[in-house]
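This report concerns only the one structure given below.
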Amino acid sequence: MLHDKWLTVRLAYLRSLQAPSEQQRRLLLLADKLKRTEADSRILTALIKAEAAAERAQKAKAEAAHLAARDEEAARILEAINREAASRERDQELHNAAELLILAGLVDSETRAPVFDRGELLGALLGLANVPAEDPRRREWKRAGDALLGEKTK
């Protein structure tokens, strides 16, 4: 009975198609044929099975496309989350650098504006960047900086 209901629905669907396949046209012709031979009945049964398989394949293809779209959406969401996390990490590092400038007294803690002229401050930082790592002044700067950080984090 269920098979008859499916077949009735499927035949109505096939009749509504503007361009059914050759196999579907043959199925419609044999289904509508009033006097079928035994050979016609075997062919009709085979065509019905083929149409049912084609419908299952179509549904599986649609489900696969749906799952692929969901996976793509999930990948886009994950990528956005990762970009946001990376952005927060960059922002945190910039905030940490600004805090160091405030601790050194180079930036006003309330206004967040440089205490020195911007060009002068940048020039001093460029000078620091050009001092070689093995220069003894760098070790002294590190000792002084570590001491102030230790004092401020207590």
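We did not get these values from a lab; they are worked out from the coordinates using the rules stated. For clarity, every value in this text was computed on a predicted model and none was experimentally measured. Every residue, glycine among them, receives a Cβ derived from its backbone with ideal geometry; neighbour counts consider all protein chains shown.
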In deg cm²/dmol, rounded to the nearest 500, the helical mean residue ellipticity at 222 nm of the chain, built from -39500 (n - 2.57) for every DSSP H run of length 4 or more, is -27500 deg cm²/dmol
Give, in nm to one decimal, the length gained when the segment between Ser87 and Ala129 is fully stretched (0.36 nm per residue of separation minus the Cα-Cα distance).
12.6 nm
Between Val107 and residues 5 or more places away or on another chain, the pairs with built amide H atoms under 5 Å apart involve Ile102, Val115
So which GluC sites (Glu not before Pro) in segment 86-154 end up in coil per DSSP with only 14 or fewer other C-beta atoms within 10 Å?
Glu110, Glu134
If Leu34, Leu14 are placed from fewest to most neighbouring beta carbons inside 10 Å, the sequence is Leu34, Leu14
Nearest-0.05 FRET efficiency for Arg25 and Leu67 at R0 = 41 Å, using Cβ-Cβ distance, is 0.80
Using a 7 Å offset from the Cα along the Cα-to-Cβ direction at both Lys59 and Arg15, what is the distance between the two label points in nm, to one decimal?
2.3
Karplus-derived 3J(HN,Hα), 6.51/-1.76/1.60, for each residue of segment 54-59, Hz, glycine and proline x
5, 5, 4, 5, 5, 5
Can you work out the PRE-style zone for Asp146? Point 7 Å along Cα to Cβ, and I want the residues of segment 85-128 with backbone N under 15 Å.
none
Relative to the chain, whose Cα atoms define the longest principal axis, helix 2-16 and its Cα axis are tilted in degrees, nearest 10, by 80
Segment 51-120: which trypsin sites (Lys or Arg not before Pro) are DSSP loop and have at most 15 other beta-carbon atoms within 10 angstrom?
Arg112
